[in-house]
Structure formats: structure tokens, C-alpha cells
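Some notes on the structure that comes next.
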Amino acid sequence: MPDHTGRDENLPSPIDKGITAEDLGRTLFIGVGGVGMSGLTRLWATRGLATVGSEYKDWPSLPELVAQGVVLHRQHEASNLDGIDTVVRSTAINDEHIEVAEARRRGIPVLHRSEALAAAMTGRTSIVVTGTHGKTSTTAILTQILEHSGRAPSYVNGGEIIGAHSGAHGTGDHFVAEADESDRSFLRYRPTVGIVTNIDADHLNVYGDMDSLCRGFETFCRNVEKRGFTVLCQDNEGTASLAERLQLEGRDVVTYGRGTDATLRVGDFVSSTAGVDFTAWWKGEELGRFRLPVPGEHLALNSAAAIAVCHRLGLTVEEIAAGMASFGGVKRRFELRGVRQGVRYYDEYAYHPTAMTEALKTLRNLTEGRVIAVFLPYRVYRTIEMRSEIAAALGLADKVVVMEIFGPGETIPPGEGGAALTEALPQADEDKVFVERWEDVPEVVDGFAREGDIVVTMGAPPISLMPDDLLAR
């Protein structure tokens, strides 16, 4: 089924040919510092495979990669291809990149990150998590439960798990991975278990419209092995509709959510700064009470997907509950970065309006003071197309600092950008401000914040560096 670009919607996979990570030989990973590539590179290294990386930026993950045996080149140059059998790149690395061009010249295969990840899954019980948002937390919680119960899974996650590696190779049969729908690369996987957390409007610059986006997720679900099953959220209109279509075809579908018609229902939430407690029912029968040491009903809903999978895989309720209770969180997901002069500073990855809304609702319940949001918009097309929805979400904060859009490779049209978003916010003029320069943000936040308030940095990846500047004053 073609999408708006005319391409076939499904993508070929190394799994189709039985190709494994071991078959790829000595592998060069381009740009190993970022979370996505570093996790995959770490997986290769911990599996004992010949692993080489190239990266010119200073990332905190690099020393650990070197300690695990990765040969690291700090420049991108043609000689890095000496002795290499396969090259792996992300979507951000184009064909003109010197190492990609040299690999082509030498006849060395160049794989997309998703192809390498698929090869690493070959022959394993793979559990692949996707969705417009919530997939990183769901992947992390699921991985923690399997690890804590002694299943020793392999895993690659899009966000670093606090207190753990962002990717590791276990000795068990299970392989847990987060799958990216933004570039359609999730269509390379053939999971034993497929999880879709939600389907909301996003990445329409790639898909063209919601129908095409929904077809992409449907193709992902149809790629689930016949012996496997699919897990979808009943609370989201897109995934609920998809679950109904798959069930009508006789496919093995598990749903989760707050409604009584969900296979796994969750309710009776009690959320605090210490986390969220809730009850879960499986097909109407109570499983028990569960606790996630991270606040927020939406994170409890993500954990419900993990509970459903683990329950179907045969883990006991006690194993699942203990694994969840040991969860340390994911960086940039309600991550408390510090306290200064009675003000708590959190960092939160949310940039899609749905995720932003849930995050700000949760933060408001954690304080009797005010919530001050520092928002770095992510991608020009998204900020323009979803301006009203993003503005409505930020309207839940008492005061908002908006920065200029972070959109590598994009051009901000005249009259658009962070200033236009700020103008659209519902707050009074004195409670919202557009700050174009990074170095000016801390002074503005200091002028807003007072004891008892919460300051949350939200949005595009670079904003995760801002809490250090705010706390250092």
C-alpha cells in the first residue's frame, strides 16, 4: 500500500533473509554519541562483536563505549573504513557524508540503523514498542521488569534508563526495542510482540496525512509474527480503531486502558511526588495493586502495556510488581534535576501537545506553587502545524518561556518561529515571554520563579542542557 510519496509502505528487513548481527562482520557506526546510535553500538560491543564508532562531538556516552571495547575515531574520514565490513548510519547521516561516500566507493554495505537493529533481533523473541509518544518509557519499564525477574533481555531504547545502560545484550531469549515511526523505519521489524501506545497527528511531513500515518502503524502490526500478539491502547482513538480492525481479522490482540472493555484495565490511581499507584484487572479479574516510582497517570498507562506483555509471557504478578517498583525512571521523563532556593527543576522530553498536556497536568498536581515551563519547540513544520495545540498545552503552565525553534536543516518562514508561538499562548503578556538567546533564559526564569514553584524544561533534545545553567546561578 503506497504512502503519499508513492513508495511501498512496507520495508524489506534483514530478518526476512535470516541475517544476524554476527553476519555483518566488523561494523562502523557513524555518529555513535547520540542516544539512539550509542545504544545500538553498546549492544554490539556487549554482544562481543567487532565494533568501531566515529564521532567528533563530545558526548557523555563515549567513555563508556570505549571502556566496552569500541574502537572510537574522533574524526570522520575515509581511513575509518579500513578493515570495515558493514557501515551503519542514522537518518541524519546523508549520502554525501565522507564515510558513507567512501563505503559506497569501496563496495561496503551501508545499512540504516533500523536494519542493523533488525538484524540483532533475528532469531529472538522480539518485543518492539512504537507509538507517537510514550514508547521510550514503555520500553524502559518493560525492560526493567524482564531484567528484575531474571530474564536477562537484550534491549535498545531511545532514552537512557536512569541507573542503567541505554542498550545491552542479555543472555535471555527476549529482545526489547523502541521503534521509530518518524522516518518509517519501524516497518523493518518483524516482532514477536508489537506494542503501539497511541496514534496521534505527527510526522505528517513524512506521511502526508493521518490516513497514511495510520496505515503505517497498521503495517507495523501486520508485520508481527503469526505466533505472536499485538498490544494496543484502548484509550487512544487511533489505536482503538486499529485494534478493532485487527481483531475482526482474527489476529491475537491485547488492549489496555482505563475502560472496562480493555483486556487489561487500570484504575484507582493515586499519584504523588513518590510515584503512582494503581490497580490492574485482566479480563475483569483483579490482578493486584502496582506501583511505579515515577509520577503521572499517563506513565501508569504506559506501564499497563508492559504489564500486559509480561502477563502474557507468563511472568507472575509478583515478578511484574517487583520489577515495576524497582524502576528508576528514564532521563528526560519527569527527571528531577535539582533544587535551588526552594524551586524544583525538572526536565521533560515532551514536545508533542498530547504528551506536553499530560506532563504539565502531572507537574501541577505535584506542587501548591506555580509551574513555569521553559519550552524549546522541536521542528518548524510541527510548531507551525500544531501551534494552537501546543499553545493550549502550554496554557496549563502559570508562566512560559519560549525559545526559538530547534529544527536542524529547516528554515523558519518570515513571521513564524518562537515569537509567533508565544503570541498564541493564552497567558497574559506578563506571564509569557519569547527569549531568542540561550544565555538570556536563566535570568528570565529567575525573574519568574519563587520558593515553592516548579520549573520544567521541555521540548527538543538540547533543552536538557538548560537545567545545568539554571541551577548554576
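The values are calculated or read from the model by the stated rules, or taken from the named source; none is laboratory data. Because the structure is predicted, anything quoted here is derived from the model rather than measured. Counting neighbours? That spans all protein chains shown, and the Cβs are built from the backbone with ideal geometry, glycine included. Please note that ligands, DNA and RNA were not included when accessible areas were found on the heavy atoms of the full protein model with its side chains. Shrake-Rupley method; radii C 1.70, N 1.55, O 1.52, S 1.80 Å.
Which residue pairs have Cβ atoms under 8 Å apart, sit 6 or more places apart or on different chains, and have a first residue in the range 266-292 that is among the charged types (D, E, K, R) and a second that is not in a strand (DSSP E or B)?
Lys283/Thr263; Arg289/Ala321; Arg291/Ala321; Arg291/Met324; Arg291/Ala325
For Arg265, which of the numbered conditions (1) at pLDDT 90 or above; (2) within 23 Å of the chain's Cα centre (by Cα); (3) open to solvent by 60 Å² or more (accessible area, probe 1.4 Å) fails to hold?
Going through (1) at pLDDT 90 or above; (2) within 23 Å of the chain's Cα centre (by Cα); (3) open to solvent by 60 Å² or more (accessible area, probe 1.4 Å) one by one, Arg265 breaks only (2).
Is there a residue being outside any helix (DSSP H, G or I) and modelled with pLDDT of 90 or more anywhere in the range 353-369?
No.
For the range 221-239, give me each residue that is under 18 Å from the mean Cα position of the chain (by Cα) and either at pLDDT 95 or above or part of a strand (DSSP E or B) (or both).
Scanning the range 221-239 gives Val231, Leu232, Cys233.
Which members of the range 268-279 meet the condition of being exposed (fewer than 13 other Cβ atoms within 10 Å of the Cβ) and touching a Phe, Trp or Tyr at 6+ places or on another chain (Cβ under 7 Å)?
Passing the criteria: only Asp268.
Is it the case that the range 240-255 has a residue that's under 28 Å from Leu366 (Cβ atoms) and not small (Gly, Ala, Ser)?
no
Inspect the range 58-66 for any residue being touching a strand residue (DSSP E or B) at 6+ places or on another chain (Cβ under 9 Å), assigned to a helix (DSSP H, G or I) and of a type in the set (Val, Ile, Thr) and give the result as yes or no.
Initially, the range 58-66 is screened for residues touching a strand residue (DSSP E or B) at 6+ places or on another chain (Cβ under 9 Å), giving 62, 65-66.
Imposing the further condition that a residue be assigned to a helix (DSSP H, G or I) reduces the set to 62, 65-66.
Then drop every residue that is not of a type in the set (Val, Ile, Thr), which leaves 66.
Taking every residue of the range 58-66 in turn, at least one turns out to be touching a strand residue (DSSP E or B) at 6+ places or on another chain (Cβ under 9 Å), assigned to a helix (DSSP H, G or I) and of a type in the set (Val, Ile, Thr).
Please enumerate the residues belonging to the range 75-85 that are over 23 Å from Ser114 (Cβ atoms) and either touching a Cys at 6+ places or on another chain (Cβ under 6 Å) or open to solvent by less than 50 Å² (accessible area, probe 1.4 Å) (or both).
Selection gives Ala78 alone.
Is it the case that some residue within the range 436-444 is farther than 28 Å from Leu299 by Cα, surrounded by 19 or more Cβ atoms within 10 Å (Cβ to Cβ) and hydrophobic (A, V, I, L, M, F, W, C)?
yes
If I filter the range 403-418 down to residues being buried (at least 16 other Cβ atoms within 10 Å of the Cβ) and not acidic (Asp, Glu), which single residue comes out as farthest from Val380 (Cα to Cα)?
The selected residue is Met403.
Of all the residues that make up the range 304-321, how many are surrounded by fewer than 24 Cβ atoms within 10 Å (Cβ to Cβ), of a type outside the set (Lys, Arg) and either within 26 Å of Thr362 (Cα to Cα) or touching a strand residue (DSSP E or B) at 6+ places or on another chain (Cβ under 9 Å) (or both)?
5
Residue check, Glu147 against (1) modelled with pLDDT of 95 or more; (2) open to solvent by 40 Å² or more (accessible area, probe 1.4 Å); (3) not aromatic (Phe, Trp, Tyr), all met but one. Which one?
With (1) modelled with pLDDT of 95 or more; (2) open to solvent by 40 Å² or more (accessible area, probe 1.4 Å); (3) not aromatic (Phe, Trp, Tyr) applied to Glu147, the lone miss is (1).
Mind checking which residues of the range 35-53 are at negative phi and open to solvent by 20 Å² or more (accessible area, probe 1.4 Å)?
Val35, Gly36, Thr46, Arg47, Leu49, Ala50
Quick one: would you say Val88 is in contact with a helix residue (DSSP H, G or I) (Cβ under 6 Å, 6 or more places away or on another chain) and open to solvent by less than 10 Å² (accessible area, probe 1.4 Å)?
Numbers: in contact with a helix residue (DSSP H, G or I) (Cβ under 6 Å, 6 or more places away or on another chain): yes; open to solvent by less than 10 Å² (accessible area, probe 1.4 Å): yes.
Here the answer is yes, as Val88 does meet what is asked.
Here are Thr132, Thr136, Thr91: which of them is assigned to a helix (DSSP H, G or I) and not aromatic (Phe, Trp, Tyr)?
Of Thr132, Thr136, Thr91, the one residue that is assigned to a helix (DSSP H, G or I) and not aromatic (Phe, Trp, Tyr) is Thr136.
Please verify whether the range 385-401 includes one or more residues that are open to solvent by less than 10 Å² (accessible area, probe 1.4 Å), assigned to a strand (DSSP E or B), without any contact (Cβ under 8 Å) to a residue 60 or more places away in the chain and not basic (Lys, Arg).
Scanning the range 385-401 turns up at least one residue that is open to solvent by less than 10 Å² (accessible area, probe 1.4 Å), assigned to a strand (DSSP E or B), without any contact (Cβ under 8 Å) to a residue 60 or more places away in the chain and not basic (Lys, Arg).
Name, by its number, the condition in (1) out of contact with any strand residue (DSSP E or B) (no Cβ under 8 Å at 6 or more places or on another chain); (2) in contact (Cβ under 8 Å) with a residue 60 or more places away in the chain; (3) more than 26 Å from Glu181 (Cβ to Cβ) that does not hold for Glu99.
(1)
It is to be established whether one or more residues within the range 240-252 are in contact with a Phe, Trp or Tyr (Cβ under 7 Å, 6 or more places away or on another chain), at pLDDT below 90 and hydrophobic (A, V, I, L, M, F, W, C).
Here is the first cut: in the range 240-252, the ones in contact with a Phe, Trp or Tyr (Cβ under 7 Å, 6 or more places away or on another chain) are 242, 252.
If we keep only those that are at pLDDT below 90 as well, we get none.
No, the range 240-252 contains no residue that is in contact with a Phe, Trp or Tyr (Cβ under 7 Å, 6 or more places away or on another chain), at pLDDT below 90 and hydrophobic (A, V, I, L, M, F, W, C).
Return the residue satisfying two criteria in turn: it lies in the range 91-133 and is open to solvent by 40 Å² or more (accessible area, probe 1.4 Å) and of a type in the set (Val, Ile, Thr), and of such residues it is modelled with the lowest pLDDT.
Only one residue tops the list, namely Thr91.
What residue, of Thr136, Thr132, Thr143, Thr86, is polar (S, T, N, Q) and under 20 Å from Asp16 (Cβ atoms)?
From the options Thr136, Thr132, Thr143, Thr86, the qualifying one is Thr86.
Looking only at residues in the range 280-303 that are open to solvent by less than 10 Å² (accessible area, probe 1.4 Å) and at pLDDT 95 or above, which one is farthest from Thr136 (Cα to Cα)?
Ala280
Are any residues in the range 445-473 open to solvent by 40 Å² or more (accessible area, probe 1.4 Å) and part of a loop (DSSP other than H, G, I, E, B), and if so, which ones?
Arg450, Glu451, Ala472, Arg473, listed by residue number.
Take the residues in the range 64-74 that are surrounded by 11 or more Cβ atoms within 10 Å (Cβ to Cβ) and not β-branched (Val, Ile, Thr), then tell me which one is modelled with the lowest pLDDT.
Once the filter is applied, the top-ranked residue is Glu64.
Does the range 41-50 include one or more residues that are closer than 27 Å to Ser464 by Cα, assigned to a loop (DSSP other than H, G, I, E, B) and at pLDDT 90 or above?
no
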